[in-house]
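Only one structure is covered here, and it is reproduced in the block below.
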Amino acid sequence: MGKPSGFLEFTRNLPEKRAVEERVKDYKEFVQKYSDEDLNKQSARCMNCGVPFCHSGCPLGNIIPEFNDAVYRKEWQEAYEILSSTNNFPEFTGRICPAPCESACVLGINQPPVAIEEIEKHIIEIAFEKGFVKAKKPNLRTGKKAAVIGSGPAGLAAAVQLNYAGHQVTVFERDEKPGGLLRYGIPDFKLEKWVVDRRIELMKAEGITFQCLANVGVNVSIDDILRDFHAVVLAGGSTVPRNLDIPGRDFNGVHYAMHFLKQQNKRVDGANPWENGKIESNVWLNEILATGKNVVVIGGGDTGSDCVGTSNRHGAKSVTQFELLPKPPENRTNFMPWPTYPMTLKTSSSHEEGADRKWAVATKAFIGDEKGNLKALRIVDLEWEIGTEGRPSKFVERAGSEREIPCELALLAMGFVHPQFDGLLQELGVELDERGNVKATEQNYQTNINKIFTCGDMRRGQSLVVWAISEGRECARSVDAFLQGTSVLESKDASILQRVG
């Protein structure tokens, strides 16, 4: 590596953030850039370890030690080429990935791990600044046409790879603009949408066609898709949210988290996301605002955290976040050995901005006033029994802990159960697995219908953006092999072997 003693000389240091009192006034990204000196020091911390476990920790198989070494040597084009050989969208993962690669970092055994995610973001932004990122049109076209349904990270990755292979790709998106979860689910303070637009424009320049407001199975004929394309990739995501079916669920003020987040993202974009009586995602929506309200976010994951940050920017009176499970430990336990991804306590930037976090709490009922508006929650504390593998196994309600707390806005952020069945999936007749996802193997991503493939959350269930990109890449390779008999696209494992073998 560039500096063999770097990990002994420098400790982990993350870029500064804008002050909380300043950043909650807008929806701009607030993580600053490294100085040239700090970036050099952080890349120098990467060790010349015998087995770089970060490779396997990353779902994409990113070649991390090599691009860290190039960053240390300030070989920016080399760093970009190494990173982009495995990751189509480093500007996304460098901002919103929980960095399982860092959990697997060898240095992380007894020191803070290398700041891989931040280094990745700096590589791609420097590459854009220096003009290294250019449209790559295929030299030859195969004459085959592929349709990608859904423009989230899995669909975009599949589209890019299929286009590189020479196929003519059309992406169908039911919303006004492409990006899926990246555009409508992730708040701008984590991922500003000019970052998404920049990539979409590059994809268009490479020859990929986007059709928006194109809901296949509703206003776009499935028969037309099957007739006009040689292969179809289903990448519509896992979009049906998990409900909390308890008394009072229908009171005004109880909403799914994604409806709340999507509305705000559209506001930031300058669009009018609501109109009384407007139908959106099969739910009649009114404007959802946290301003001046006691907000309770039910669910302790990333979506819940995004609701916390958005509520603070709305000017909520108070923000509370519930988690059904007990509070996680702050450090690894014997049940979370390195290099596995540890289920430890995570404090997000949104939590830093203010939230009352409560663990081992269940919501028993929503309580409303005489006008049908939410005014309180009935909750109860839980006592968990820890199983033999260190995981919570079962709970009982703590006697005498039931109580009511004021709440005018409850946001359900408990994850997603499966893709939407109505329309596209039902009309196609694709088989589903036991969890309600579209059934396909990891070997070829092909459904029970010969020319139809699937990837991302629609196939594997709700997961990370980095997994969605990986799924899209691997699915594209299977589609390419289906269309051509063999594939020119690299697999994740082959890419790693080429670099380190």
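A short reminder: the numbers here are calculations on the coordinates, not readings from a lab. All values derive from a computational prediction rather than experimental measurement. With ideal geometry, Cβ positions are generated from the backbone for all residues, glycine too; neighbour counts draw on all protein chains shown.
Taking amide hydrogens as modeled 1.01 Å from N in the peptide plane, which residues meet the under 5 Å criterion relative to E192, leaving out close sequence neighbours?
HN-HN under 5 Å from E192: E29.
Using r as the Cβ-Cβ distance of E352 and D269, and R0 as 22 Å, what FRET efficiency do you calculate, to the nearest 0.05?
Efficiency computed from Cβ-Cβ geometry: 0.30.
Based on alpha-carbon centroids, what's the gap between region 368-397 and region 340-355 in Å, whole number please?
Their Cα centres are 20 Å away from one another.
Report the label-to-label distance for V31 and T333 in nanometres (one decimal), using points 7 Å from each Cα along the Cα→Cβ vector.
Taking the two extended label points, one gets 2.8 nm.
Go ahead and run the numbers for FRET between E389 and L345, Cβ-Cβ distance against an R0 of 25 Å, rounding to 0.05.
0.85
Helix-only mean residue ellipticity at 222 nm, the chain, DSSP H runs n ≥ 4 weighted -39,500 (n - 2.57), per residue, nearest 500. What is it?
Value at 222 nm, helices only, nearest 500: -9000 deg cm²/dmol.
In what sequence, highest mean first, do 416-423, 9-16, 471-478 appear when ranked by Cβ atoms within 10 angstrom?
So the peptides 416-423, 9-16, 471-478, ranked by packing, come out 471-478, 416-423, 9-16.
For E16 and R227, what does the FRET efficiency come to when R0 = 60 Å and r is the distance between their Cβ atoms, rounded to the nearest 0.05?
So the FRET efficiency works out to roughly 0.65.
When you count, for each residue, the other Cβ atoms within 10 Å and take the mean per peptide, how do 323-331, 40-48 rank with the highest first?
Per-residue Cβ counts within 10 Å, averaged per peptide and sorted highest first, yield 40-48, 323-331.
Using the crude model of +1 on Lys and Arg Cβ and -1 on Asp and Glu Cβ, and no other charge, please compute the dipole size for region 243-414 relative to its Cα centre, in debye to 20.
Computed charge dipole of region 243-414: roughly 120 debye.
I need the peptides 479-488, 457-466, 335-344 ranked by packing, meaning the mean over residues of other C-beta atoms within 10 angstrom, with the highest value on top.
In descending order of packing, they fall as 457-466, 479-488, 335-344.
Applying the Karplus parametrisation 6.51 cos²θ - 1.76 cosθ + 1.60 with θ = phi - 60° to the phi angles of region 103-113, what ³J(HN,Hα) value in whole Hz is obtained for each residue in order, glycine and proline being reported as x?
Whole-Hz 3J(HN,Hα) from phi for region 103-113: 5, 9, 5, 4, 4, x, 4, 9, 9, x, x.
All other residues with a Cβ under 15 Å from the Cβ of P98 taken together, and with Lys, Arg as +1 and Asp, Glu as -1, what is their net charge?
Overall, the nearby charge balance is -2.
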